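What follows is a short report on a single structure.
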Amino acid sequence: MSGQKKGGAGVGKGRPSVIHGVELPGGGVIGRPLRKVDALAKATGDALYADDYLFPGMLHCKILRSPLPHARILSIDTSKAEALDGVFAALVGSELPIPYCVIPWTRDENVLCIDKVRYIGDAVAAIAAVDEATASAACRLIEVEYEPLEPVLSVDKAKLEPSDEPIHTTNKRGNQHKYVDLQFGDTEAALAASAVVSEGDYYFQGTTHAAIEPHCALAKVEADGQLLVISATQVPHYLQRDLARVLGVAQQNIRVIQPAVGGAFGGKSEPFDLEFCVAKLAQKTGRAVKCLYTREEVFYSHRGRHPMHMNFRVGLDKAGKIKAVRSQIDIDGGAYSSFGMVTAYYSGQLLTGPYDFETYGFSSTRYYTNKPCCGPKRGHGSVQPRFAFECALDEAAAKLGLDPMEVRRRNTLPRVAETVNGMRIQSNAFDQCLEAVRKASDWDKRWGKLPKGRGLGVAGSMYISGTNYPVYPNEMPQSGVTIQLDRSGRALVLCGASDIGQGSDSMLAYIVAEELGIEPGHVRVVSSDSDLTPVDLGAYSSRVTFMCGNACIDAARKLSGKLKEAAAELLELGEKQVRLAGGLAVDAADTSVSVAIADVFRRAEANHGTLSASGWYNTPLLGGAYRGGTIGASPAYSFTAHVAEVSVDMETGEYKVEKIWVAHDCGRALNPLIVAGQMEGSAYMGAAEAYLENHDFYPAGHAAPGLHLGPSLLDYPIPTSAEVPEFESLIIESMDPEGPYGAKEAGEGPLHPAIPAVVNALHDAIGHRFRNLPISAASVWRALQQGDS
């Protein structure tokens with residue numbers, strides 16, 4: 001069971017038209033708990049996912065994957081596979097030699113391996129056949145000769161000089177992928193001058209996304225030669241660009257459609273081997289080709305949370321103010337780059353709020369290992385260090401004998417601020433978030449005072465509302481929206497944004513309905529079709545509401561002026577007296593004087609011709625004036641505070657997260673129901689990473705080194721309804737001056753504090769500080785046997 005409450009500048013009767021300089025809407029749509037526009041289609045089964053698409057004569061693709069973690073490929077023979085009845089084509093790496101990566105500076109991955117394999121599951125060859133069974137049988141007939149190489153399966157091993165050869169022989173730094181060291185002030189001097197210093201080594205395990213829908217893609221060469229690719233991606237624009245590069249096809253001759261997506265959480269935010277394979281096989285065979293990953297392939301394709309080994313030192317003065325934070329982080333990146341260059345920066349750059357650091361420094365090193373490639377999972381790069389820092393902050397507070405809630409309050413950044421590393425903040429209600437969870441959890445009466453085996457823990461965080469710059473340098477808009485008005489009173493919205501379940505299509509409908517005065521049900525949204533929609537960069541880094549929302553407002557307001565002019569003409573009023581709302585244009589002073597919005601559309605079309613407008617959004621220049629200073633820069637930041645409550649069986653070590661109070665500053669809740677859902681979904685994922693999830697592999701020395709311990713949803717534990725804690729969502733509104741109606745992100749930020757809040761609650765319950773995740777019942781039992789520490 002969960003609850004939802006409103007805090008901060010709430011929505012309701014008597015609300016002012018301007019808060020903190022932000023103009024509020026007046027159409028009666030924004031701020032209401034409306035149904036998602038695709039809710040009925042998904043509930044009834046009418047929504048089409050990638051695997052639902054069928055074409056006449058369609059073939060099925062299967063990919064042969066490496067059984068070894070590290071080996072040279074000496075030869076590949078597909079002749080027996082190609083001779084199998086029902087097989088139409090085979091594909092090997094030499095046919096697609098151009099490397100790719102979502103980050104254009106680190107292209108180190110081929111669609112199918114050419115010279116060597118780098119992890120168990122690496123793609124080696126592909127088959128197109130009449131059905132999946134035939135394609136799988138053909139894969140088993142492909143003969144591959146390997147020369148095994150010594151695998152690198154840990155960061156410690158990656159640090160050493162390779163005994164055989166580096167995982168990437170062209171990498172000049174051995175198995176080191178990326179090193180970042182940034183200092184802001186003299187942290188060593190500040191640590192020496194601190195009243196107390198907490199220092200500890202922390203480990204965050206790898207975790208995966210576990211989206212319900214596996215990756216799926218299909219491709220077809222149209223009659224005019226255009227290549228159509230339908231994919232369960234969350235970055236259709238980036239996919240279109242990389243397809244063009246790797247296939248050698250002009251980008252304008254490739255159409256990418258993203259249909260309904262059954263969850264992604266960052267796991268589909270870059271191109272994957274299957275998308276290139278189906279495209280190339282469709283070209284070779286002249287038929288449509290589909291590839292659907294098995295669940296095991298999803299686990300091996302991965303791109304999930306990076307394992308991190310972290311050393312943190314946190315210094316406080318006698319009053320509990322943060323004098324210094326210094327971290328050293330080793331990152332296990334897996335076999336390829338993915339977003340890893342960004343990960344190395346995010347592990348340090350995104351830690352500098354919601355607290356005011358006097359000095360700060362971090363060193364992060366990402367290493368290649370012979371395991372599936374890690375990438376962006378919800379809260380990319382910053383969830384792991386947030387866990388370590390928030391636990392270290394609690395420990396430092398305890399050394400001073402201070403309440404950890406109070407220490408966080410004393411260090412909260414001002415509402416408008418610049419962080420120690422130069423990030424601009426224009427709206428910050430973290431103090432209200434802390435106060436909301438303090439009151440809701442009855443913290444003052446219960447923290448440190450509950451019976452042994454029961455405890456409360458607190459943690460906070462800050463997160464971006466979109467990255468300030470696209471992954472490939474350009475000065476074009478990050479998001480575009482086109483709105484077409486029909487004389488029937490209907491609006492059509494075209495946008496490249498990717499709805500992956502978070503509700504971005506609904507957000508577009510709400511904004512258009514709000515601005516143009518029509519019912520949300522009269523807004524049609526077409527998204528993520530490169531032939532039809534303006535470019536949006538995709539669903540990642542919590543960017544869509546802020547960037548796409550602003551683009552939509554820009555387009556809508558170009559039309560609303562024409563509509564108000566037409567309504568004023570029909571109502572014989574001045575334009576400033578007209579209000580558009582609820583399917584009507586009304587006299588703001590006397591709402592009984594009105595005209596149907598369809599009549600207004602028709603008059604406006606008669607006056608101006610066919611009604612359409614495009615809007616766009618691009619970020620201002622932001623970030624620090626130093627190398628890497630733009631990585632982590634965002635037009636706005638959300639803020640979150642959690643309190644978690646746990647209960648522990650003192651005999652067995654079994655424990656339960658009873659409840660998490662989640663207070664989140666989302667700027668403005670455009671739809672409080674969806675915002676609360678995002679808050680609770682984030683907290684659910686975070687809590688699961690604290691006590692259950694572990695994406696792990698057999699180590700060196702095992703009979704099958706590098707093999708996944710359990711690549712299925714039967715073996716990889718995620719919480720069922722029996723393990724999910726109760727959530728209470730406390731929405732805080734700070735009204736960001738640049739956000740759409742003041743809105744900021746709500747889809748990733750609320751995950752971060754869940755993990756350290758649970759860990760800190762365990763300390764309150766049993767007196768032991770845990771530094772390695774996940775925390776199993778066995779770990780708790782061992783701590784109980786050892787006594788307090």
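The values are calculated or read from the model by the stated rules, or taken from the named source; none is laboratory data. None of these values were measured; they are calculated from a predicted model. Cβ placement follows ideal geometry from the backbone for every residue including glycine, while neighbour counts extend to all protein chains displayed. These accessible areas exclude ligands, DNA and RNA; they are computed on the full protein's heavy atoms, side chains included. Shrake-Rupley method; radii C 1.70, N 1.55, O 1.52, S 1.80 Å.
Here are some notes:
- Sole residue being open to solvent by 20 Å² or more (accessible area, probe 1.4 Å) and of a type in the set (A, V, I, L, M), chosen from 64, 96, 91: 64
- On the stretch given as region 350-364, residues that are hydroxyl-bearing (Ser, Thr, Tyr) and either in contact with a Pro (Cβ under 8 Å, 6 or more places away or on another chain) or closer than 13 Å to residue 389 by Cβ (or both) total 3.
- Put simply, of 261, 289 the only residue that is crowded, with 24+ Cβ neighbours inside 10 Å, over 26 Å from the mean Cα position of the chain (by Cα), under 30 Å from residue 45 (Cα atoms) and modelled with pLDDT of 95 or more is 289.
- Looking across region 579-611, the residues that are among the polar types (S, T, N, Q) and either on the phi > 0 side of the Ramachandran plot or open to solvent by less than 80 Å² (accessible area, probe 1.4 Å) (or both) come down to 594, 607.
- Just one of (1) among the hydroxyl-bearing types (Ser, Thr, Tyr); (2) in contact with a Pro (Cβ under 8 Å, 6 or more places away or on another chain); (3) open to solvent by 30 Å² or more (accessible area, probe 1.4 Å) fails for residue 119. It is (3).
- Filter result for residue 133 (in contact with an Asp or Glu (Cβ under 7 Å, 6 or more places away or on another chain), of a type in the set (A, V, I, L, M) and open to solvent by 30 Å² or more (accessible area, probe 1.4 Å)): no
- Among (1) in a helix (DSSP H, G or I); (2) open to solvent by less than 30 Å² (accessible area, probe 1.4 Å), the one test that residue 785 misses: (2)
- Residue check, residue 507 closer than 22 Å to residue 637 by Cβ, in a helix (DSSP H, G or I), open to solvent by less than 30 Å² (accessible area, probe 1.4 Å) and out of contact with any His (no Cβ under 6 Å at 6 or more places or on another chain): yes
- Just one residue in the set 632, 549 is buried (at least 24 other Cβ atoms within 10 Å of the Cβ), in a loop (DSSP other than H, G, I, E, B) and either within 21 Å of the chain's Cα centre (by Cα) or not small (Gly, Ala, Ser) (or both); that residue is 632.
- Residue 738 fulfils the conditions (1) in contact with a strand residue (DSSP E or B) (Cβ under 7 Å, 6 or more places away or on another chain); (2) surrounded by 15 or more Cβ atoms within 10 Å (Cβ to Cβ) except for a single criterion, (1).
- Residue pairs meeting the criteria (Cβ under 9 Å; at least 6 apart or on separate chains; first over 20 Å from residue 476 (Cα atoms) and open to solvent by less than 10 Å² (accessible area, probe 1.4 Å), in region 228-244; second among the aromatic types (Phe, Trp, Tyr) and part of a helix (DSSP H, G or I)): 243/276
- A count restricted to region 34-59 and to residues that are in a strand (DSSP E or B) and open to solvent by 40 Å² or more (accessible area, probe 1.4 Å) stands at 1.
- Selection count, region 515-532, where residues are assigned to a loop (DSSP other than H, G, I, E, B) and touching a helix residue (DSSP H, G or I) at 6+ places or on another chain (Cβ under 9 Å): 5
- Where a residue in region 487-513 is in contact (Cβ under 8 Å) with a residue 60 or more places away in the chain and under 11 Å from residue 551 (Cα atoms) and its partner, wherever it lies, is hydroxyl-bearing (Ser, Thr, Tyr) and open to solvent by less than 10 Å² (accessible area, probe 1.4 Å), with Cβ under 9 Å and at least six apart: 511/741
- When residue 76 is tested against the conditions (1) in a strand (DSSP E or B); (2) farther than 22 Å from residue 294 by Cα; (3) open to solvent by less than 10 Å² (accessible area, probe 1.4 Å), the lone failure is (3).
- Of the numbered criteria (1) modelled with pLDDT under 95; (2) open to solvent by 70 Å² or more (accessible area, probe 1.4 Å), the one residue 451 fails is (1).
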